[in-house]
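The values are calculated or read from the model by the stated rules, or taken from the named source; none is laboratory data. Quick caveat: nothing in here was measured; it's all calculated off a predicted structure. Glycine gets a Cβ as well: all are built from the backbone with ideal geometry, and neighbour counts include every protein chain shown. These area figures cover heavy atoms from the full protein model, side chains too; ligands, DNA and RNA do not enter into them. Shrake-Rupley method; radii C 1.70, N 1.55, O 1.52, S 1.80 Å.
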Amino acid sequence: MTYPTAPWQLKGYALANLQLIDVAKARPLIPDNFEIISILPGKTLSGVYISNYSGDSSLKYSELIVIAGIVNYANKLGGWVSHIYVDNPDSVAGGREIWGLPKEIAEFSWETGNKYEKQVSITQGSRQLCTLKYNFQGLTVPVWFPFPSFGRLNEKILLFLGNCQTQIGLIESQLQIPTESPFSSLELTEKGLSFSCEKLNLNVDAPEIVGRV
């Protein structure tokens, strides 16, 4: 496999569905040496991020990221990526070998729906991972925000920063995760708070080692 060195510059668009879930549901998917941060009593922030990166990115691919919760390790905060799927083998190799992310290959189908204007469906072989149906609302605002995340490469605990510049807007959506999906135990509901990220420009920095298992 061949992949670019970090940082990766990723351009395109994305969809995000964020939800508060019980810490007890996130705990089995997060290593014990990470403290789960409660946003509200007994609740942490979870959700899915689905993106399509265009040809002027470091690599061209679609991606599904599942954040099991917000965690603290060595007094550093970030999201814990419990599952991540892409449709480019080079992205799999780079994600695993640079950032210690558990990337796997999956198939992405971006299409027009019925009740909802559009939908994206992610499958892995014959197994359905999730489907997000959505309608664009039209109004977007420019934002910039950093989002730190953790990875684990062999015995190393890694922390890396994604700097995101985009036009963000609320969307109407319906998230469907069948029981056969590997992350169905998070019990993410059909609703949640969903956003579109247009004109996405995401810079993913090289990781730093913040600890060892």
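Details
- Simple spin-label estimate for LEU170 and GLU97 in nanometres, 7 Å along Cα-Cβ: 4.5
- Annotation: extensible slack from ARG127 through ASP90 equals 11.1 nm (criterion: 0.36 nm per residue apart, minus Cα-Cα distance).
- Prolate/oblate/rounded label for the range 24-147 (Cα gyration tensor, a/c 1.5): prolate
- Apportionment of accessible area to carbon and sulfur, the range 61-158, percent (1.4 Å): 51
- GNM on the chain, alpha-carbon springs under 10 angstrom: the most fluctuating residue among SER51, SER184, SER173 is SER184.
- Excluding ligands, DNA and RNA, the accessible surface per residue across the range 9-155 is 45 Å² with a 1.4 Å probe.
- Placing +1 on the Cβ of every Lys and Arg and -1 on the Cβ of every Asp and Glu, with no other charges, gives the chain a dipole of roughly 240 debye about its Cα centre.
- Rounded FRET efficiency, nearest 0.05, which uses the C-beta distance separating LEU40 from VAL213 and R0 of 25 Å: 0.25
- Global geometry of the range 87-213, whether rounded, prolate or oblate, following the gyration tensor of its Cα atoms and the 1.5 cut on a/c: oblate
- Positive-end residue, the range 165-209 charge dipole about Cα centroid, Cβ charges, pick of SER181, ALA206, ILE171: ILE171
- With a Förster radius of 22 Å applied to the beta-carbon distance between ALA206 and ASN33, the computed FRET efficiency rounds to 0.45.
- What the range 163-213 shows is 52 Å² of accessible area per residue, with the surface traced by a 1.4 Å probe over protein heavy atoms.
- Per-residue ellipticity at 222 nm computed for the chain from its helices equals -1500 deg cm²/dmol, with DSSP H segments shorter than 4 residues left out and the rest contributing -39,500 (n - 2.57).
- Residue among VAL92, VAL81, VAL143 with the largest mean-square fluctuation in a Gaussian network model of the chain, springs linking Cα atoms under 10 Å: VAL143
- The chain shape via C-alpha gyration tensor axes, a/c threshold 1.5: rounded
- Where labels lie 7 Å past Cα in the beta-carbon direction, separation of GLU104 and PHE136 in nm: 3.2
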